[in-house]
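The values are calculated or read from the model by the stated rules, or taken from the named source; none is laboratory data. Nothing here was measured: the structure is a model prediction, and the numbers come from that model. Don't worry about glycine lacking a Cβ; one is built from the backbone with ideal geometry, like all the others, and counts go over all protein chains shown. Heavy atoms of the whole protein, side chains included, go into the accessibility calculation; ligands, DNA and RNA do not. Shrake-Rupley method; radii C 1.70, N 1.55, O 1.52, S 1.80 Å.
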Amino acid sequence: MTAASNFRQKTHFMKSWKPQRPPSNRDRLELYALHKQSVSGDAPTSDPPSASVADKAKLTAWRSKMGLSQQDAMEAYVVECERQVQLYGTRDDGSRSSAGGGGNSGSGATTSSSQQQQQNNNQHNQQQSSGAPASSQSTPMYHSTTPQNTPAAQNNSNNNNNDDDGVLLCPRGLAAIPLLCAAASESRSAYLARLQVTHPSNGWWAKQEPLCLEVNNPLSIPEKLIIGIACQIERISLVVSEYMGHGQAVSLLSPRVLQAFLWPVHNVFLSIWILWILVCTYLGSMVSMSQTLLFGAKRTNTPLGRLFLEEILPAARAVESLCEQHQTISVRMSGLALMPMMILCDVANGVVGRLGILVGSVVFVGMGACGWWYWLCVLPWLAVCSVCLAVMSGWCFGLIELSGN
């Protein structure tokens, strides 16, 4: 089977794929970029004046594939699809979404299989005549025949938000928080076992990059600092086996002792990263909302309602999820520290429901500005204190591991 045939087959599958958990926006953009490169070649070198934030993000992802041949892009698309299917799983609920792209609600309509097959055949004929995969209902930039090619969205809301093909419905940092919480829930024994089979050059932190802003943005320095320090701590945990243990320079201590000592520090840095993502999202929403209030939505291309729907409310619900009982203690402490943010978001949303979007936006910006001291002074101080507590508790876990030997 040729690369083009594999590509068409995988494209058709991804339109109706229902993952067990929503893929991250980074993975969605990766599929989008590979598909655009496969179908249309290199991306335009400049953004159109009317491009929204999501449009610019998609164009940036597409430009990252510049120079890749269309055949290589097709092969990379198939490989990436298989990786995401394996990573996120497939939800088997007895219903299949239609092949119209990712905005389906999956409501289990009673359309007969023959009718669905006829629709698929019609779309396939359109694909054959146009030389491109069948299009979705929404119209991406530049090429209306390019489908979304991301998993079917699990849309439980009642709003008809079809903008941006379901990509970047919330900042990618917010989409990564469940995965970071899962990483923070790794037990000490699982953490030590993972380090035993991980090469020093292949550490988990070494693969991470800033999620809130672009890597070359100066404002991403704090996030890069968090990742960089955690990466060095992890590297120490990985290379310690070369110097500790039987037959090494320090033969009396097992490397697991130092690794157990650093395990709480690893978890705390995950929690600090989560805290930074939420604070950065909150402050970024304030800045965007202030610009829209001053210059208007037409100039900023960021409607106030969209900010509430895609950033402010998801951030509030993310903070609420951090305080759930199944989360680890470090994550729950981060959630408690961010409770004022959740309260401010919910209060502003309540004002929107009573007095309108304009008054609610003014309240949101005003309350956030009045609490500048909390975001810029209290939270950094709490982060430093949490690292100190992690170091002190690390001695306990190190002694436990030492006594176990």
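Placing a pseudo-label 7 Å from each Cα along the Cα-to-Cβ vector at Ile343 and Val79 gives an inter-label distance of 5.1 nm. With a Cα-only, solvent-free Debye model of the range 339-405, what are the log10 I(q)/I(0) values at q = 0.14, 0.25, 0.27 Å⁻¹? Values, matching the q order: -0.59, -0.98, -1.05. Say the cut-off is 21 Å between C-alpha atoms; which of Lys36/Lys65; Lys65/Lys298; Lys15/Lys298 go over it? Where the Cα-Cα span goes over 21 Å, the pairs concerned are Lys65/Lys298; Lys15/Lys298. Distances over 22 Å make up what percent of all Cα-Cα pairs in the range 193-309? Every Cα pair in the range 193-309 considered, those over 22 Å come to 52 percent. What separates the Cα centres of the range 64-87 and the range 266-337 is a distance of 31 Å. Every Cα-Cα pair in the range 279-405 was counted, and those over 26 Å apart are 35% of them.
Take the Cα of Trp372, step 7 Å toward its Cβ, do the same at Leu402, and the gap between the two points is 4.8 nm.
Run a plain Debye calculation on the range 1-77 (Cα atoms as equal point scatterers, no solvent) and give log10 I(q)/I(0) at q = 0.18 Å⁻¹, rounded to two decimals, same order as the q list. Log-scaled intensity ratios, in q order: -0.77. Packing-based ranking of 63-69, 12-18 yields 12-18, 63-69, ordered from highest to lowest mean Cβ neighbour count within 10 Å. A simple spin-label model places the labels of Lys224 and Ser393 3.1 nm from each other, with each point 7 Å out along Cα-to-Cβ.
Heavy-atom surface analysis with a 1.4 Å probe gives the range 272-365 a carbon and sulfur content of 66 percent of its accessible area. For the range 209-366, the solvent-accessible area of protein heavy atoms averages 48 Å² per residue (probe radius 1.4 Å; ligands and nucleic acids excluded). Across the range 304-405, Cα pairs under 8 Å and at least six residues apart give a relative contact order of 20 percent. With a Förster radius of 22 Å applied to the beta-carbon distance between Gln325 and Ala182, the computed FRET efficiency rounds to 0.90.
Computed packing ranks the peptides 359-371, 295-307 as 359-371, 295-307, most packed first, by mean other Cβ atoms within 10 Å. Kirkwood's formula applied to the C-alpha pairs of the range 294-349 gives a hydrodynamic radius of 12.5 angstrom.
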